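The values are calculated or read from the model by the stated rules, or taken from the named source; none is laboratory data. Because the structure is predicted, anything quoted here is derived from the model rather than measured. As a convention, Cβ positions derive from the backbone with ideal geometry for all residues, glycine included, and neighbour counts pool all protein chains shown.
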Amino acid sequence: GAKEARARERQGANMRFVSTLLVLTTLLTVGASKEDAIDPVTRLVERLLPNHAGSNLIEFRGRHRDGGCAEGARCFSIQNGDKPGTISIAGSTGVEQAAGLHHYLRRFCGAHLGWEATGGHQLHSVPRGSLPPVDDAGVVVNLPFERTVYMNPETF
C-alpha cells in the first residue's frame, strides 16, 4: 500500500544520497598528492568549479559556532558568508564538507553531480561572480549513516 510506497521512495532517496556522497568522496581522493591532503575540499572546488576556485565565494570551516550540529554528529551546515554572494559550509571532516557542497549546489544552484551514466556533472547553472543565498537561519543536515564506505569499482 501507501506505506510501502513511501518506504521504497525513502530508501531510493537514501540510495541516491549515498551514491552522490560516494562520487564526491571519490573526487576528494582521485589524484591526491601530499599537497592535496592539506585542503582536499578546496581541491574539489578547483576540479569541479574552476571558475570559482580562488574566488573566496565558498568558505569551508570545521564547524559553525551556531551551526546546530551536535558534538560528534555527522552533519554539515551551510550559512551565508560574511559578504553578500558568498557561502560558508561547515563539517567536521572533508566528507561532511563535500556533502554540504553537493547539497548547496543541488538545492540552491540547480546543479547535478553524478556518474557519466547518469549524465555526469551538470554545473552550468552555478552562477559566476556571486552565489545564491541560503535562508537566513542557514541549513543543517544530519547525515543518516555512521560510516561512509566506497565500493570496489572493479566489481561495479
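If you go through segment 87-133 and keep only what is among the aliphatic types (A, V, I, L, M) and surrounded by 18 or more Cβ atoms within 10 Å (Cβ to Cβ), you end up with 87, 89, 90, 95, 98, 99, 101, 105, 111, 113, 126, 131. Taken together, the criteria exclude residue 74 from residues that are at pLDDT 80 or above and surrounded by fewer than 15 Cβ atoms within 10 Å (Cβ to Cβ).
Here are some residues: 44, 57. Which one is surrounded by 19 or more Cβ atoms within 10 Å (Cβ to Cβ), more than 15 Å from residue 141 (Cβ to Cβ) and modelled with pLDDT of 85 or more? Show your work before the answer.
Working: 44 fails: modelled with pLDDT of 85 or more.
So the residue among 44, 57 that is surrounded by 19 or more Cβ atoms within 10 Å (Cβ to Cβ), more than 15 Å from residue 141 (Cβ to Cβ) and modelled with pLDDT of 85 or more is 57.
Listed by first and then second residue, the pairs linking a residue in segment 103-125 that is of a type in the set (D, E, K, R) to a residue that is in a loop (DSSP other than H, G, I, E, B), with Cβ atoms under 9 Å apart and 6 or more places separating them unless they lie on different chains, are 106/113; 107/134.
For segment 81-132, which residues satisfy the criterion of being among the basic types (Lys, Arg) and not in a loop (DSSP other than H, G, I, E, B)?
Keep residues of segment 81-132 that are among the basic types (Lys, Arg), which gives 83, 106-107, 128.
Selection gives 106, 107.
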